[in-house]
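Novice: This is the structure, below, for whatever I ask next.
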Amino acid sequence: MIKNTTPYLGKIRLKFEKYPEYTGKSKLNKIHLNLGFTKLVSRITPLQDLDGWLVNPECIYMIQRHTGGVIGDHRFGQNNENLLSNSFLSKDGQYIGDIERGWWYYKNNMKVCEQYPRGVAERYDDEGNLIGYHGYSHRGGQTFKLGDRLFDPYYNPKEEDYEEWEWAGWKIKYTESYKNADDLDRSWMESSGIAYVIPFKKRGKKVIEDFEECLQAAINMSKDLS
């Protein structure tokens with residue numbers, strides 16, 4: 001039996017696809033085998049009602065029990081005429097994302113960050129200990145922990161700010177990436193410089209010493225990627 005990794009109720013089937021990440025009447029459930037030229041994947045075709053895809057009540061329960069968020073209706077527009085059902089919200093009603101965002105929080109041991117609900121999450125280990133803050137947008141994300149760097153989008157990386165082995169490794173990675181890049185990627189690399197290959201958690205001058213700085217780094221990165 002194939003495990004359902006989505007928050008929806010529906011029928012799952014196996015299929016070979018080269019590019020399975022699309023969403024239409026069905027959506028990707030899991031990539032089971034990557035053969036390079038194609039992939040063996042499972043896709044789910046969710047059941048529907050008048051409000052859209054049916055959400056698994058057990059998923060709603062787990063999200064609300066473990067993430068500090070709630071699943072509910074989100075209204076927006078000049079007169080609140082638009083409605084998004086099964087939205088992932090902070091406890092005070094701020095919109096964070098859809099049901100899949102809430103499910104993503106649950107699966108990654110994350111909780112709603114009350115100081116910055118949309119774009120930053122608290123990150124925990126399997127024992128329930130806070131380990132950092134995760135900043136994200138639709139373009140990517142990064143968890144910032146103690147000992148990382150306080151992300152600064154305006155920081156220009158300098159060799160003297162890093163260990164010799166770190167800088168040497170990034171120089172090699174930059175050179176190899178540049179050789180294999182197309183013209184568009186090369187223009188981005190030339191514009192960004194070596195920062196192009198430096199992880200977000202290393203892009204800043206100051207070393208993070210407490211969780212307040214973890215939070216600030218995550219906020220900075222979320223804003224920069226939004």
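Novice: Out of all the residues in the range 115-129, is one or more without any contact (Cβ under 8 Å) to a residue 60 or more places away in the chain, within 20 Å of Ser222 (Cα to Cα), outside the structural domain of Leu225 (by TED's automatic domain parsing) and buried (at least 19 other Cβ atoms within 10 Å of the Cβ)?
Specialist: Checked against the condition, which is being without any contact (Cβ under 8 Å) to a residue 60 or more places away in the chain, within 20 Å of Ser222 (Cα to Cα), outside the structural domain of Leu225 (by TED's automatic domain parsing) and buried (at least 19 other Cβ atoms within 10 Å of the Cβ), the range 115-129 yields no hits at all.
Novice: Which residue out of Gly147, Gly132, Gly140 is touching a residue at least 40 places away in the same chain (Cβ under 8 Å), surrounded by fewer than 20 Cβ atoms within 10 Å (Cβ to Cβ), among the small types (Gly, Ala, Ser) and within 20 Å of Lys206 (Cα to Cα)?
Specialist: Gly147
Novice: A follow-up question, please. Looking at (1) closer than 30 Å to Asp51 by Cβ; (2) at pLDDT below 95, which one does Trp104 not meet, given that it meets all the others?
Specialist: (2)
Novice: Which numbered condition in (1) surrounded by fewer than 17 Cβ atoms within 10 Å (Cβ to Cβ); (2) part of a strand (DSSP E or B); (3) out of contact with any Asp or Glu (no Cβ under 6 Å at 6 or more places or on another chain) is the only one that Glu58 fails?
Specialist: With respect to (1) surrounded by fewer than 17 Cβ atoms within 10 Å (Cβ to Cβ); (2) part of a strand (DSSP E or B); (3) out of contact with any Asp or Glu (no Cβ under 6 Å at 6 or more places or on another chain), Glu58 is out only on (2).
Novice: Name the residues in the range 51-81 that are hydrophobic (A, V, I, L, M, F, W, C) and either under 21 Å from Tyr105 (Cα atoms) or not assigned by TED's automatic domain parsing to the domain that holds Asp98 (or both), would you?
Specialist: Scanning the range 51-81 gives Trp53, Leu54, Val55, Cys59, Ile60, Met62, Ile63, Val70, Ile71.
Novice: In the range 6-29, what residues are within 16 Å of Cys59 (Cβ to Cβ), free of Cβ contacts under 8 Å to residues at least 60 places away in the same chain and not in a strand (DSSP E or B)?
Specialist: Leu9
Each row is one residue, and each column tells you yes or no for (1) in a helix (DSSP H, G or I); (2) among the β-branched types (Val, Ile, Thr).
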position	(1), (2)
Trp167	yes, no
Ile172	yes, yes
Trp188	yes, no
Lys205	no, no
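Novice: If you scan the range 185-219, which residues turn out to be touching a residue at least 12 places away in the same chain (Cβ under 8 Å), charged (D, E, K, R), surrounded by 12 or more Cβ atoms within 10 Å (Cβ to Cβ) and more than 15 Å from Gln142 (Cβ to Cβ)?
Specialist: Listed by number, the residues that qualify are Lys205, Lys206.
Novice: Just the residues that are under 21 Å from the mean Cα position of the chain (by Cα), assigned to a strand (DSSP E or B) and of a type in the set (Gly, Ala, Ser), please, taken from the range 73-102.
Specialist: Once the filter is applied, which keeps residues that are under 21 Å from the mean Cα position of the chain (by Cα), assigned to a strand (DSSP E or B) and of a type in the set (Gly, Ala, Ser), the range 73-102 yields Ser87, Gly97.
The values are calculated or read from the model by the stated rules, or taken from the named source; none is laboratory data. Given the structure is predicted, the values throughout are model-derived calculations rather than measurements. Cβ coordinates were reconstructed from backbone atoms using ideal geometry, including for glycine residues, and neighbour counts include every protein chain displayed.
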